[in-house]
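J.: One structure, pasted below without further comment.
The values are calculated or read from the model by the stated rules, or taken from the named source; none is laboratory data. These numbers were taken from a predicted model, which means no experiment stands behind them. Here the Cβ positions follow ideal geometry from the backbone for every residue, glycine too, while neighbour counts run over all protein chains shown.
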Amino acid sequence: MSLKKIFFFLALISLTSLVSAATYANCGAVPSSELDGRTCIPITSTTCNSTKLDQSNSYYLLMNNITANNSCFYMVGENIVLNLNKYTINYAVNGSTVSCLEGGTGNVCHYGIYSSWGSNNAPDKPFAEEYGNTVNSPVIKNGSIIDGSKESFYSHAIYFSYVFNVEIYDLNIFGQGEQTSGIIISGAENAIVHDVNITLDSAKADPCSHYSGHISGVYLVNEGGQIEIYNNKVMGKGMIGIHMTECGNWNSNTPALIHNNYISQWSPVRDGYAIAMSAANGGCSDGTKIYNNTINQINGRGIAVAGNDYETDNGVGNVEIYGNNITVREGWDCEYDGSGTGTGIRVRFGAHNIYAHDNFIYGFAGKGVAVGSHPTKDGSKTIGLYVGNGGPYGKNNVYENNYIEVTTNYAGYGYADTTYAAIGIYEGGRPADSGL
């Protein structure tokens, strides 16, 4: 079966799955307990074009499938619920650079790009000045959001900037095109994402470059407060399943929780992790827990906790990683023109006070175990637990009671040929303070 057929099959799995919530025939059928004091507003149109949902204390109820040539909805206001009512938003059908559901403040372009990134499409005014105050307590739930064109670029399904108390759940999301992610939440205080099925068929601008745009199922940047990501599925062709970076305004009494997610992706580059945390200067260091996730990578790696670069001397800290079931394989890639390394758990670049325990890690190496981004070369190696390699190194890291099983189908490699090697634990550079 070709990769194209595999991805199409995965998309069907996501889009045909059922959301669990009820369907309402009209606003009058919505229980008062569901409205919780909000006013129900039906959305009866079959088309949308950057339609503002700006009535605070409102419950918007979609009454049919809806299509957008570009963006569909902007959420602006306080205490707004958007219930898709088991219907489908089909957006970006003309292949434009858009986001389906966008809200919040900051320099957010009408087509879903931060103006600070140099976009030619950026508006003259910041989003906050254009549309009002920061979005507080938005809820999106109960339906499907589909990117309608393979020609799309950066057309994320949900894109929030500077929101408070956001909750996203009971959704099926399909994203495609170039550099398209599923959900991006930037600068939020309190964000919960759960019971969302995300399937991507997204490409990097340069498939051989780590830096040509990250593609994530769920991407959280500069987050604070209560963060919880659970019971989600991320599948298909992307780069990082769940990515959290540069956290702010954290409280150790409300650590970020990433748990009970299922992630299975094909990534074109070596840093294609199922779950990744990265930050500089001690960011994201208030007790994050990554636990009970199931990872089965088609071509990619498991869990990474790191600083941002070689110069970082104080990266992510105080992270507990436990109870995860991780299966990794990574084929030959064009980024380094070498055999990939299916890595189960990676700790590097100043990550400190990491406690990884009671995880099950399975790594596969050899020929034919994974198809990487190189079109003709074949080969894969694997490392169960990979610590160090890139200084400075973190301190006070503890690894215990992890079950690691690595196998290779190639018996011909020796000390000088590690192209197909299977290594249980590797301490890169053998730093004295790596924690092993």
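J.: So, in the stretch 327-340, of the ones that are at pLDDT 90 or above and in a strand (DSSP E or B), which residue ends up surrounded by the most Cβ atoms within 10 Å (Cβ to Cβ)?
T.: Across the stretch 327-340, the extreme among qualifying residues is V328.
J.: To continue, here is another question. Which one is surrounded by the most Cβ atoms within 10 Å (Cβ to Cβ), of the residues in the stretch 229-249 that are under 17 Å from N318 (Cα atoms) and either of a type in the set (F, W, Y) or touching a Cys at 6+ places or on another chain (Cβ under 7 Å) (or both)?
T.: M244
J.: Something else now. Restricting the stretch 216-242 to residues that are over 23 Å from T88 (Cα atoms), in a loop (DSSP other than H, G, I, E, B) and not polar (S, T, N, Q), which is modelled with the lowest pLDDT?
T.: The extreme case among them is E223.
J.: Name, by its number, the condition in (1) surrounded by fewer than 24 Cβ atoms within 10 Å (Cβ to Cβ); (2) among the charged types (D, E, K, R); (3) modelled with pLDDT of 85 or more; (4) out of contact with any Ser or Thr (no Cβ under 9 Å at 6 or more places or on another chain) that does not hold for D433.
T.: (3)
J.: Sticking with this one: Look at the stretch 1-29 and say how many of its residues are among the β-branched types (V, I, T), modelled with pLDDT of 50 or more and not in a loop (DSSP other than H, G, I, E, B).
T.: 0
J.: Can you confirm whether the stretch 350-357 contains a residue that is among the small types (G, A, S), farther than 26 Å from Y322 by Cβ and surrounded by 24 or more Cβ atoms within 10 Å (Cβ to Cβ)?
T.: Looking for residues that are among the small types (G, A, S), farther than 26 Å from Y322 by Cβ and surrounded by 24 or more Cβ atoms within 10 Å (Cβ to Cβ), one finds none in the stretch 350-357, hence no.
J.: For the stretch 78-173, list the strands (runs of 3 or more DSSP E) that sit wholly inside it and hold at least 3 residues that are at pLDDT below 90; which are they?
T.: The strands (runs of 3 or more DSSP E) meeting that bar are 101-104, 158-161.
J.: Using the structure shown, decide if I192 is of a type in the set (A, V, I, L, M), over 12 Å from the mean Cα position of the chain (by Cα), surrounded by fewer than 24 Cβ atoms within 10 Å (Cβ to Cβ) and at pLDDT 90 or above.
T.: yes
J.: Here are the criteria: (1) free of Cβ contacts under 8 Å to residues at least 60 places away in the same chain; (2) closer than 26 Å to P375 by Cα; (3) not hydrophobic (A, V, I, L, M, F, W, C). Tell me which single one P207 does not satisfy.
T.: Unmet condition: (1).
J.: Quick check: is even one residue across the stretch 338-359 in contact with a helix residue (DSSP H, G or I) (Cβ under 9 Å, 6 or more places away or on another chain) and under 19 Å from A203 (Cα atoms)?
T.: Among the residues of the stretch 338-359, not one is in contact with a helix residue (DSSP H, G or I) (Cβ under 9 Å, 6 or more places away or on another chain) and under 19 Å from A203 (Cα atoms), which makes the answer no.
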